[in-house]
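Student: Here it is: the structure, laid out below.
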Amino acid sequence: MLSIGLAGKPNAGKSTFFKAATLADVEIANYPFTTIDANHGVSYVRVKCPCVELGIEGGCGRCINGSRFVPVELIDVAGLVPDAHLGRGLGNEFLDSLRLAEVVIHVLDASGSTDAEGNPVGIGNYDPLKDVEFLKREISMWLFGILERNWTKLMRQYTSEKAKPEQIIYEQLGGAGVSDKDVRWALSRMDSDPATWSEDDLRRFAELLRQSSKPMIIAANKIDLAPRENIRRLMELDEIVVPVSGAAEIALRMADKAGVIRYLPGDPDFEIVGELNRAQKAGLDKIRVLLKEYGSTGVQECINRAVFDLLDYITVYPVEDENKFTDRDGVVLPDAFLMKRGSTARDLAYRVHTELGESFLFAIDARRKLRVGEKYELKDGDVIKIVATK
Ligand SMILES: Nc1nc2c(ncn2[C@@H]2O[C@H](COP(=O)(O)OP(=O)(O)O)[C@@H](O)[C@H]2O)c(=O)[nH]1
Ligand SMILES: [Mg+2]
């Protein structure tokens, strides 16, 4: 499953975001579990289910009024402080939990009520823009540390054994969730031979590796408290910045679970359907004002933008019956797979089952009833039947 890391300084709101994003109603969670352990949970991207466009009567049973929730893993990385890569505040241990993450949501306290170390200082007394660069630096310096530890040895291997630098570097970084593609991309942006690099060059290289292997989106959290000026300045940055209130999202999901409102994660509004006391009503009224201003609480938007905008994934639906859009047992659109844009029909076959990948003959684009070959590039929302020799 695709992994998303939540990182940031202490008290920025990571655990609140984590709790909100992993608190799923039974209807949404057509996945067996939502909590893996205290820091690993299951969240969902929200996509438009093809069953609506395909005109499937009565819907597919796997979506809620056309909204489909596809599971992703969320990791709550404990708070990082400046110089975490040097081991400050248990830094390295926490950085290591980012190994699995393909993308990072930087949860940032946009209200300016916590200082660089996460200590409370009162709203507006710290400039949240100062936090934007710190996390990037910690992650790239963590990667730098892994490389630097063995750099001399690695370069000796490279020059004496004529081994390929991308291979040596990739092996050294293997555990940090850096792909060979990331290494090749970063190398292509350096203008000299690795054997001649200074320490500064190696730092620059580590930062390139970070950009490629741990791209980052900013969750400008606590918008319910934040001075509007802070949000405006954050939105002007050359980054993906999403205004967020993790606290509001928790309140809405709990109220939905309790049956007093109807709300789907990511919705721009909610409907009151149960009895509310005065305090609950006042709390929800405040949240409604926030939703009107920002369009949503931002939690779902962060997950979606991380997966679809930053990582460039698409959603694909394998079926066995291209006319009824079902599996063998008649379940309509049983599975939704997140795959990298550029993936092919054969990649999908492998994803369903190794055997299906190996015995692949051709595929059928079920929407167009069109036969396509192994190299066919999957499109977002494709419904595909794989035909194999066995
Ligand atoms: N007002 C408000 N408070 C929040 C929000 N998110 C988190 N908090 C509060 O900020 C504090 C730190 O939150 P927590 O999730 O524990 O931060 P972490 O250390 O990053 O995991 C707690 O008191 C939360 O209730 C939010 O969206 N709005
Ligand atoms: Mg926490």
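The values are calculated or read from the model by the stated rules, or taken from the named source; none is laboratory data. Keep in mind that this is a model prediction, so the values were computed, not measured. Here Cβ is always computed from backbone atoms with ideal geometry, including for glycine, and neighbour counts include all displayed protein chains. Only protein heavy atoms, including side chains, enter the accessible area calculation; ligands, DNA and RNA are left aside. Shrake-Rupley method; radii C 1.70, N 1.55, O 1.52, S 1.80 Å.
Student: Report the one residue of VAL104, VAL352, LEU252 whose Cα lies farthest in the direction of the positive end of the charge dipole of the chain (charges on C-beta: Lys and Arg +1, Asp and Glu -1; origin at the Cα centre).
Tutor: VAL352
Student: Additional query: Taking 7 Å along the Cα-to-C-beta vector as the label spot, tell me the ASP200-ASP321 distance in nanometres, rounded to one decimal.
Tutor: Calculated label separation equals 6.7 nm.
Student: Per q in 0.09, 0.13, 0.15 Å⁻¹, report the Debye log10 I(q)/I(0) for the chain, using one uniform scatterer on each alpha carbon and no solvent.
Tutor: Taking Cα atoms of the chain as identical point scatterers yields -0.62, -1.14, -1.32.
Student: Follow-up question, since we're still on this one. Which whole-Hz couplings ³J(HN,Hα) result when phi for each residue of region 291-298 is put into the Karplus expression 6.51 cos²θ - 1.76 cosθ + 1.60, θ = phi - 60°, listed in order with x for Gly and Pro?
Tutor: Ordered by residue, 3J(HN,Hα) equals 4, 4, 6, 10, x, 5, 6, x Hz.
Student: For the chain, what does -39500 (n - 2.57) per DSSP helix run (n ≥ 4), summed and divided by total residues, give at 222 nm, in deg cm²/dmol to the nearest 500? Don't jump to the answer; show the numbers that get you there.
Tutor: Details: 14 runs with 139 residues, N = 390.
It comes out at -10500 deg cm²/dmol, rounded to the nearest 500.
Student: Once phi is turned into θ = phi - 60°, what whole-Hz ³J(HN,Hα) does the Karplus curve with 6.51, -1.76 and 1.60 give for every residue of region 305-319, x standing for Gly and Pro?
Tutor: 5, 4, 7, 8, 8, 7, 8, 6, 8, 10, 10, 10, 10, x, 9
Student: In debye to the nearest 20, how big a dipole does the chain give about its Cα centre with +1 on each Lys and Arg Cβ and -1 on each Asp and Glu Cβ?
Tutor: So the dipole magnitude of the chain works out to roughly 380 debye.
Student: Check the chain for me: any Cys whose beta-carbon has no other cysteine beta-carbon within less than 4.7 Å?
Tutor: If one checks each Cβ against the other cysteines of the chain, CYS302 turn up with nothing under 4.7 Å.
Student: To continue, here is another question. Can you tell me the dipole magnitude for region 195-261 around its Cα centre, using point charges on the Cβ only (Lys, Arg +1; Asp, Glu -1), in Debye to the nearest 20?
Tutor: Numbers: 10 positive and 11 negative charges, 58 e Å.
About 280 debye.
Student: Here's a follow-up. Rounded, prolate or oblate: which fits region 139-212, taking a ≥ b ≥ c as square roots of the Cα gyration tensor eigenvalues, rounded meaning a/c under 1.5, else prolate when a/b beats b/c? Intermediate results must be reported in sequence, preceding the final value.
Tutor: On the way: a/c = 1.36, a/b = 1.28, b/c = 1.06.
Since a/c stays below 1.5, the shape of region 139-212 is classed as rounded.
Student: What share of all Cα pairs of region 200-267, in percent, falls into each consecutive 5 Å distance bin?
Tutor: Each 5 Å bin holds this share of Cα pairs: 3, 14, 15, 14, 14, 14, 12, 7, 4, 2, 1, 0.
Student: Leaving out ligands, DNA and RNA, and with a 1.4 Å probe, what % of the accessible surface on the chain is carbon or sulfur?
Tutor: The value for the chain is 49 percent carbon and sulfur by accessible area.
Student: Return the distance in nm (one decimal) between the two label points of a simple spin-label model at LYS292 and ASP96, each offset 7 Å from Cα along Cα→Cβ.
Tutor: Distance between the two pseudo-spin positions: 5.1 nm.
Student: Long-range amide H contacts for ARG341: which residues qualify at under 5 Å (H placed 1.01 Å from N, peptide plane, sequence gap of 5 or more or a different chain)?
Tutor: TYR313, ILE314
Student: With each pseudo-label sitting 7 Å past Cα toward Cβ, what's the VAL26-LEU187 distance in nm, one decimal?
Tutor: A separation of 5.4 nm, rounded to one decimal place.
Student: From the residues ALA186, SER140, ASN11, which one has its Cα farthest along the dipole of the chain in the positive direction, the dipole being from +1 and -1 charges on Cβ of Lys/Arg and Asp/Glu about the Cα centre?
Tutor: The listed residue farthest towards the positive side: ALA186.
Student: Using the crude model of +1 on Lys and Arg Cβ and -1 on Asp and Glu Cβ, and no other charge, please compute the dipole size for region 139-212 relative to its Cα centre, in debye to 20.
Tutor: Details: 11 positive and 12 negative charges, 27 e Å.
The dipole of region 139-212 has a size of about 120 debye.
Student: Taking a probe of 1.4 Å, how large is the accessible area per residue of the chain, in Å²? Can you show the working numbers first?
Tutor: Numbers: 18140 Å² over 390 residues.
I get 47 Å² per residue for this part.
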